[in-house]
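Reviewing the structure listed below.
The values are calculated or read from the model by the stated rules, or taken from the named source; none is laboratory data. Predicted model, so just to flag it, every value in this text is computed and none were measured. As a convention, Cβ positions derive from the backbone with ideal geometry for all residues, glycine included, and neighbour counts pool all protein chains shown. Surface areas here come from the heavy atoms of the whole protein model, side chains and all, with no ligands, DNA or RNA. Shrake-Rupley method; radii C 1.70, N 1.55, O 1.52, S 1.80 Å.
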Number of protein chains: 2
Amino acid sequence: MMYGVIMAGGSGTRFWPESRKRKPKQLLSIAGEKTMIRATVERIEPVIPFDRIMVITGGLHAAEIKAQLPELRDEMVVVEPFGRNTAACIALAAFKLQRMDPYAVMVVLPADHLIGKEQEFLAALQTAVEVVSQRDCLLTFGVIPSRPEIGYGYIKLGEAQNTPGSTKIHPVERFVEKPDLETAKMYMSSGQYLWNSGMFLWKVESIIRAFDEHLPEISSSMRSLQGAFDTPDEPERIRETYEKIESVSIDYGIMEKASNVLCLPVDVDWNDVGSWVSLEDVWESDKAGNAGLGDVVILDSTGCIVSSTRKLTALVGVEDLIVVDTPDALLICKKDRAQDVKKLHQLLKDQGLEHLL
Amino acid sequence: MMYGVIMAGGSGTRFWPESRKRKPKQLLSIAGEKTMIRATVERIEPVIPFDRIMVITGGLHAAEIKAQLPELRDEMVVVEPFGRNTAACIALAAFKLQRMDPYAVMVVLPADHLIGKEQEFLAALQTAVEVVSQRDCLLTFGVIPSRPEIGYGYIKLGEAQNTPGSTKIHPVERFVEKPDLETAKMYMSSGQYLWNSGMFLWKVESIIRAFDEHLPEISSSMRSLQGAFDTPDEPERIRETYEKIESVSIDYGIMEKASNVLCLPVDVDWNDVGSWVSLEDVWESDKAGNAGLGDVVILDSTGCIVSSTRKLTALVGVEDLIVVDTPDALLICKKDRAQDVKKLHQLLKDQGLEHLL
């Protein structure tokens, strides 16, 4: 059986002031009518019904997630006591699923991404399930680049293998870091590099075998936890386990080391929604490249991104700004500094304004 | 006796969105705790008591002015049916004052300027009164420039004459238009050019004589109105008069033509508050030259002007912006486009957003 595992532990600090500690971006509807986590779940629901979808999140957000996704089974909203990076999160999900269904196949998805071509994505899921059902492998979805993006990591493909359908699947030669622009252009024209989307699909037994081999301490800690799943002891036992295990990403801890990693290229209009700038591709734009949510009056301004649904915003003679208006905080940020919005957190703390985080 | 005439007909469109049709900038406290018109009246009150201060304004603002200045006599809040430029406004005041006191001396002040050095200004008023009491002349206050400003008109001085005190007074050689930067620098270094402040002082009989000579139609229309002042007919008679008289500025209609114009140089830290940029000199600035009203958190940003008293504003990597937040409209404008804020009015009208004006 196929299960969905939604990683919803993100804090979304780069989406301040719209996103706050208690309401990170995956719980907001900044990119459409639905909240991002609800959209993520509904997107896969045609192939994975609600009762086989698990969400891993922090304690601050579990209640809101249950409210936004009342169809989920209670025991499938799993609370991490604190973030311990993606390897711990995925191990927790895998061992919990193994206990429910030793033959489970799991797709791992972040809660805060967008996919424009939903049908193509569902078709890719089906292909991926067929691939992993036939061999012991770890499948990662690689997004075919649509531009020389410097903000993503890339996957370098090896020689294509045939899949059950017509789609090609590739062994992964290596994972590469975010490139500079020159390199990103080369990556794009070569056709050998795909965006590392952080979406995975594998048999639970395959990923557990990989944990056994590459992260044996996480593996044995999580295995000893299995008896406590779905008992009153679960939260406390997870806390104890999390306190002693390593904080490492699934990419670094497993994917870059395992020899059975395969990459399925997908062309699904994927957007990682990494900062306000990524919404430029999502929101409607005018001819001068201004994109926005809300009423905006524009005089001689170009390339701006405006989120202001509660009042009129007027722009005069400005360019490449991000403007985000909320009831208690207003952000104005140069577009090329979108990554630095998270730096405001320390500044706000220093000024005793933690209530605005 | 000395009377104050405050011209409060301005619409303050360049201070949108803080200023609105019903609340133009002179009725706001954007530059201090008091509203600008209240500050203007209180500034002269040590030498001109409330009962000798007249305000000329539009019908939309008379009630608010009476509320802000309850000490004024009712008949001293004079309503123009519509704006007819400064010559009409000053003629109306002069003829109304003449009926009350044929020997009146009147100082004419805009309602929306700032003066930092109040004692120096009051001393200049006294000097000016002594000058005009001894001769038939039209006195204009010229502000000694503190920077090569290209946004003001200038007054070119003639040879100094002695005043009753030690201050020099000058005949005006000519009034000159707003200069370019090179010319403004030359003006400043020459010492012969002062800023045209639009503040005047004269005997009522002198300005009426000047109207008789240079704007005889305005003069005769206003003179025929005198019988109606302080009667129930006053508003309707003013309307009839305004409908037929010429719209001309006092500078163009009289000051540039009269031969008896004198200029008193003053150094009083004057600010015409012509646009948001002018508040840069009024509000406190940080080391990076950001000036603001309200809570602002700043990361790598310089030269910004922020008016946001209702919420926190965060700036990241931006420069030379004007940011004005109000409950129903937010303005973000490049500083060198501050004059173009008034252009938003047509845009807002075109978009059916007239209620925000």
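Numerical summary
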read-out: Total residues in the range B:323-336, condition surrounded by 21 or more Cβ atoms within 10 Å (Cβ to Cβ) and more than 7 Å from chain A (Cβ to nearest Cβ); value: 1
read-out: Extreme residue, least open to solvent (accessible area, probe 1.4 Å), among residues of the range A:241-258 that are small (G, A, S) and either modelled with pLDDT under 95 or part of a loop (DSSP other than H, G, I, E, B) (or both); value: A:A258
read-out: Output for the range A:1-49, where each listed residue is open to solvent by less than 30 Å² (accessible area, probe 1.4 Å) and of a type in the set (K, R); value: A:K25, A:R43
read-out: Verdict on A:V105 being crowded, with 20+ Cβ neighbours inside 10 Å and without any contact (Cβ under 8 Å) to a residue 24 or more places away in the chain; value: no
read-out: Check on A:V261, away from every other protein chain (no Cβ under 14 Å), in contact with a Cys (Cβ under 8 Å, 6 or more places away or on another chain), more than 30 Å from B:A338 (Cα to Cα) and open to solvent by less than 70 Å² (accessible area, probe 1.4 Å); value: yes
read-out: Among (1) under 21 Å from the mean Cα position of the chain (by Cα); (2) within 28 Å of A:Y3 (Cβ to Cβ); (3) open to solvent by 10 Å² or more (accessible area, probe 1.4 Å) - the single one A:F141 does not satisfy; value: (3)
read-out: Helices (runs of 4 or more DSSP H) lying entirely in the range A:1-120 (those with 3 or more residues that are out of contact with any strand residue (DSSP E or B) (no Cβ under 8 Å at 6 or more places or on another chain)); value: A:62-68, A:85-100
read-out: Residue in the range A:102-116 that is under 23 Å from A:G253 (Cα atoms) and aromatic (F, W, Y) present; value: no
read-out: Filter result for B:P171 (part of a loop (DSSP other than H, G, I, E, B) and either among the basic types (K, R) or touching a residue at least 24 places away in the same chain (Cβ under 8 Å) (or both)); value: no
read-out: Members of the range A:323-348 found to be of a type in the set (S, T, N, Q) and in contact (Cβ under 8 Å) with a residue 24 or more places away in the chain, listed by number; value: A:T326, A:Q339
read-out: Only one of A:D320, A:D286, A:D300 that is open to solvent by 40 Å² or more (accessible area, probe 1.4 Å), of a type outside the set (V, I, T) and facing chain B (nearest Cβ under 9 Å); value: A:D300
read-out: Residue tally, condition part of a helix (DSSP H, G or I), open to solvent by 40 Å² or more (accessible area, probe 1.4 Å) and more than 7 Å from every other protein chain (Cβ to nearest Cβ), over the range B:337-357; value: 7
read-out: Counted residues, the range A:263-320 - those being hydrophobic (A, V, I, L, M, F, W, C) and in a loop (DSSP other than H, G, I, E, B); value: 7
read-out: Number of the exception - A:I305 against (1) open to solvent by 30 Å² or more (accessible area, probe 1.4 Å); (2) more than 7 Å from chain B (Cβ to nearest Cβ); value: (1)
read-out: Members of the range A:305-334 that are of a type in the set (V, I, T) and closer than 14 Å to A:G292 by Cβ; value: A:I305, A:V306, A:T309, A:T313, A:V318, A:I322, A:V323, A:V324, A:I332
read-out: Members of the range B:194-240 found to be of a type in the set (S, T, N, Q) and part of a helix (DSSP H, G or I), listed by number; value: B:S206, B:S219, B:S220, B:S221, B:S224, B:Q226
read-out: Hey, B:W276 buried (at least 18 other Cβ atoms within 10 Å of the Cβ), within 26 Å of the chain's Cα centre (by Cα) and within 14 Å of chain A (Cβ to nearest Cβ) or not; value: yes
read-out: Flag for B:L293 being of a type in the set (A, V, I, L, M, F, W, C), more than 8 Å from every other protein chain (Cβ to nearest Cβ) and open to solvent by 40 Å² or more (accessible area, probe 1.4 Å); value: yes
read-out: Hey, B:R223 open to solvent by 40 Å² or more (accessible area, probe 1.4 Å), among the basic types (K, R) and closer than 29 Å to B:Q134 by Cβ or not; value: yes
read-out: Meets criteria (more than 8 Å from chain B (Cβ to nearest Cβ) and aliphatic (A, V, I, L, M)) for A:A314; value: no
read-out: Residue among B:V108, B:V143, B:V132 that is aliphatic (A, V, I, L, M) and more than 20 Å from B:W195 (Cβ to Cβ); value: B:V132
read-out: Number of positions in the range B:180-193 that are under 15 Å from B:G153 (Cα atoms) and either part of a helix (DSSP H, G or I) or open to solvent by less than 10 Å² (accessible area, probe 1.4 Å) (or both); value: 8
read-out: Filtered residues of the range A:156-179 (kept if surrounded by 20 or more Cβ atoms within 10 Å (Cβ to Cβ) and either out of contact with any Pro (no Cβ under 9 Å at 6 or more places or on another chain) or of a type in the set (D, E) (or both)); value: A:V172
read-out: Single unsatisfied condition, B:K21 versus (1) modelled with pLDDT of 95 or more; (2) closer than 25 Å to B:P235 by Cα; value: (1)
read-out: Meets criteria (more than 30 Å from B:K203 (Cβ to Cβ), more than 7 Å from chain A (Cβ to nearest Cβ) and buried (at least 19 other Cβ atoms within 10 Å of the Cβ)) for B:V266; value: no
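Every residue, every condition in (1) at positive phi; (2) out of contact with any Gly (no Cβ under 9 Å at 6 or more places or on another chain), yes or no:
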site	(1), (2)
B:G303	yes, no
B:T309	no, no
B:E319	no, no
B:R337	no, no
B:Q351	no, yes
